[in-house]
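**Q** Here it is: the structure, laid out below.
Read the figures in this text as sums done on the coordinates, not as results from a lab. Quantities reported herein were computed from a predicted structural model and do not represent experimental measurements. Methodologically, a virtual Cβ is constructed for each residue, glycine included, from the backbone with ideal geometry; neighbour enumeration extends over all protein chains shown.
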């Protein structure tokens, strides 16, 4: 069954605001997480990843936070731009293999100009 | 350096026909992963292949679906006798298989644009 899911299926923000996309996972053995961005008609694009021995990781305008206690993952996008409009997926690797990813259902982010 | 290529981008088949989806990995990659995405769903792992070898097909339906990655040419996902429930987007990803050198033992996967299969 599904082990990764999202709290909010849609999120609408104003350009320039910060966005927070949430993800819950149920497999406590998961030790590696990835956020992907999928634009309409395209394949998923890697954004940022985090291992379970970390609580926070920052990239360019993006930050991923991991709370292992409540099995929660979030993606923060600073100064959201219209080009950030897409579906965002979290994915996990449970460590049983070095390749198999389990994806959540996705959150549609819409950025209003 | 071309990314992962998939063709066709859109495929329409009638029930009972066969669908063949092709995936050419990135240059230098010898590993291919296939995923299926139903509308408003996340991607579901189907199969993992190396050249001439199926590593893991635990996500593949037992009947009608098969995959191959020959020594020469693209990887092919084949669906025989398609049914309406097969309508979905099929994505392949490629990887180097060199897990452990970059991101702590998880093979980085680069996704193609997908093939959208519609069964009428």
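**Q** With N set to the residue count of segment B:41-86, report its C-alpha Rg divided by 2.2 N^0.38 Å to two decimal places.
**A** Taking N as the residue count of segment B:41-86, the ratio is 1.21.
**Q** Kirkwood hydrodynamic radius, computed over distinct alpha-carbon pairs, for chain B: how many Å, to one decimal?
**A** About 14.4 Å, per the Kirkwood formula over Cα pairs.
**Q** Shifting gears a bit: Rounded to two decimals, what is the ratio between the C-alpha radius of gyration of segment A:1-84 and 2.2 N^0.38 Å?
**A** Cα-based Rg divided by the globular estimate yields 1.10.
**Q** Sort B:72, B:40 so the one with the fewest other Cβ atoms within 10 Å of its own Cβ comes first.
**A** Sorted ascending by nearby Cβ count, the order is B:72, B:40.
**Q** Could you work out how far apart the two model spin labels at residue A:81 and residue B:18 are, taking each label as a point 7 Å from the Cα in the direction of the beta carbon, and quote it in nm?
**A** 4.7
**Q** From the Cα trace of the protein assembly as shown, what convex hull volume per residue do you get, rounded to a whole Å³?
**A** 129
**Q** Now, a different point. Counting DSSP beta bridges with both partners in chain B, what percentage is antiparallel, nearest 5?
**A** Once the DSSP bridges in chain B are tallied, antiparallel ones form about 90 percent.
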